[in-house]
1. For the stretch 18-29, give me each residue that is surrounded by 24 or more Cβ atoms within 10 Å (Cβ to Cβ) and in a loop (DSSP other than H, G, I, E, B).
2. Looking at the stretch 525-542, can you tell me whether even one residue there is modelled with pLDDT of 85 or more and either in a strand (DSSP E or B) or under 30 Å from residue 314 (Cα atoms) (or both)?
3. Determine whether residue 32 is under 26 Å from residue 278 (Cβ atoms) and not in a loop (DSSP other than H, G, I, E, B).
4. Looking only at residues that are of a type in the set (Asp, Glu) and touching a strand residue (DSSP E or B) at 6+ places or on another chain (Cβ under 7 Å) in the stretch 316-349, which one is nearest to residue 304 (Cα to Cα)?
5. Determine whether residue 377 is under 30 Å from residue 145 (Cα atoms) and assigned by TED's automatic domain parsing to the domain that holds residue 415.
6. Consider the stretch 176-200. How many of its residues are farther than 22 Å from residue 280 by Cβ and of a type outside the set (A, V, I, L, M)?
7. Condition check: among the charged types (D, E, K, R) and free of Cβ contacts under 8 Å to residues at least 60 places away in the same chain. Does residue 194 satisfy that?
Amino acid sequence: MTRFFLTTAIDYVNSRPHLGTAYEKITADVIARYKRLCGVDTYFLMGNDEHSQNVFRKAAEEGLSPLAYCDRMEQEFRDTWRHLNLSFDDFIRTTQPRHKAGVTALAKRIYDAGDIYEGVYEGWYCVGCEAFKQEKDLVDGKCPLHLTTPQWIKEKNYFFRLAKYQQPLLDHFAAHPEFLQPAMRRNEILRLLEGGLEDISVSRAGQAWGIPLPFDAASVVYVWFDALINYASAVGLGSDQQMFDRWWPADLHIIGKDITRFHAVIWPAMLMSAGVALPRQVFGHGFITFNGQRMSKSLGTAIDPFEAASRFGPDPLRLYLVKEIAFGGDGDFSWTRYDERYNVDLANNLGNLVSRVTAMADRYRQGRLLPTGAGSDRLVRLGEQVAADYRHSMDAYALHEGAAAAYRLIDGTNEFIAATSPWALAKDPGAADRLTQVLFDAAEAIRLAAVLLTPIMPTASAEILRRVGGSSDGLCLDRDGRWRNNGERGLVQEGSLWPRKEQTIVTDNPTPPPSTQHPAPSISEAATPRISIDDFMKVELRVAKVLAAERVPKSRRLIKVQVDVGTEQRTLVAGIAEAYEPEALVGRSVVIVFNLQPATLMGIESNGMVLAASPDGGKPTLVSFEDPPPPGTRVR
């Protein structure tokens, strides 16, 4: 494929975009960036739908002309999309002359084909959807999307002979099973087609806000008929035949599942009637809910994507939406879950990995690495397999699986560091070459993971590449998405990429009252008292996995660790710095006292205690496992 043209649905501008709208745009941007990474000439279209009666009413409420209102909203949408770092090539508005030319041209072709006729329409009309509804589509007499009662409308309209295209559409679906994805959307539309189609209205009478029909200037083109044509008018239909010949048909329409019928039934039927090639594929993604409730402007459950992206920056939000939600299915967003995944995926995992490797390279090799032999067979094979799996997933638009593949390499690199213990190699003069190669391999794995994550986190990936001695200029997956064991790398040790967001752990009694009891006698003063099994069971010991570790400034003994205890993550302070390097702790399973009252050490609140054996005059030794059980397992 030498070129790729993809689109998103154009948006009503009666209010600002919400996170559900942004999800569609972000996933489309990931696909566009992936195609460019693959060397494909890509054209990415977005835009605004402005001929809505809801928009007309909103402008009147604000005392503006419809066009002045739409001009203002275009800037608000563009500001949001810029904040999310979207790389669209074109932004169409349905009030633009090029769009009017495209609508006029297509409507005239369909009329000349005999597929538009005059009649009277009578039925339910949902103002929120700006669409007519059949009785069977209503739930308890209301629109299932907006939970409002539709209006009963009777008016003279022009109709499109949609029913005529029932069999041609079925034939197209049979010949092109990839036309509508995912499979659940395809099956829904096939059932709809097999049940029969009814002709649909393509005009509204008595309205001035819209594009006049070319064969009846007293009527305007119905907003949905108008909107669908944007995909073709943006690339020259009716205005620039040379551009149209280059970019049409569209390779991919990305739309929400609620408008699948318009894009997989009505739009291809319109194109069939006009004698225009059909788009190659339509992908209907799911909804995003907020704390389990559908995200919607009209329902008051919308999250401002500008606010969400400002919390940690656009890249963490992009990663969350792509990695946590299976593309094509529904997904949920909550601030708590977002904060958790930021800490787990970025602060504790990828960010900590970059910091560890660049710090060790700086400490042991002054930041300069050159391979001294063959790369780690295990890590090289993992990198090659991950790159292949990533390509397969991204080509199939399984974006969540592509992100997961890149993270398998990140996790594997953490395990590789734990297994090779560079800090131990650094103490052996005879292992100098081995240490250099281990650090080079770790840096190379990070470089490869950053290349794969570039479509999802473009800014962060470029910064990671800079820190591990790579480059983000002119990336090409065929060249840069392969394991390399050559060339000198200059690594840069700098501040944290993603500072951890501390989460407050609420306890019933976070500050214990001052003790009024005398100190317990020492072993030399009295025999160690026995306790009952009931007393012992009050102490809750759990398995915890160390996610991150660092020395506490100005302390010789203390290390601050972040641990996963299965149900949550905690910060603990442990007096083990004399025996363990922080890097050696990451990925290790330890035992902690889970239900200990929080205590503050060197200004850091420690929520628990790490168990270690501390012989008199000796260094502490952590309690550990040969085969660690999962984090959170109770130790009895």
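1. Once the filter is applied, which keeps residues that are surrounded by 24 or more Cβ atoms within 10 Å (Cβ to Cβ) and in a loop (DSSP other than H, G, I, E, B), the stretch 18-29 yields nothing.
2. Yes: the stretch 525-542 contains one or more residues that are modelled with pLDDT of 85 or more and either in a strand (DSSP E or B) or under 30 Å from residue 314 (Cα atoms) (or both).
3. It is true that residue 32 is under 26 Å from residue 278 (Cβ atoms) and not in a loop (DSSP other than H, G, I, E, B).
4. Result: 332.
5. no
6. The number of residues fulfilling the criteria is 6.
7. Working: among the charged types (D, E, K, R): yes; free of Cβ contacts under 8 Å to residues at least 60 places away in the same chain: yes.
Yes.
Rundown of residues vs (1) free of Cβ contacts under 8 Å to residues at least 24 places away in the same chain; (2) over 17 Å from residue 489 (Cβ atoms); (3) among the polar types (S, T, N, Q), yes/no style:
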site: 385; (1), (2), (3): yes, yes, yes
site: 398; (1), (2), (3): no, yes, no
site: 427; (1), (2), (3): yes, yes, no
site: 430; (1), (2), (3): yes, yes, no
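The values are calculated or read from the model by the stated rules, or taken from the named source; none is laboratory data. Every value quoted in this text rests on a predicted model; they were computed, and no experiment measured them. Neighbour counts run over all protein chains shown; Cβ positions are idealised from the backbone, glycine included.
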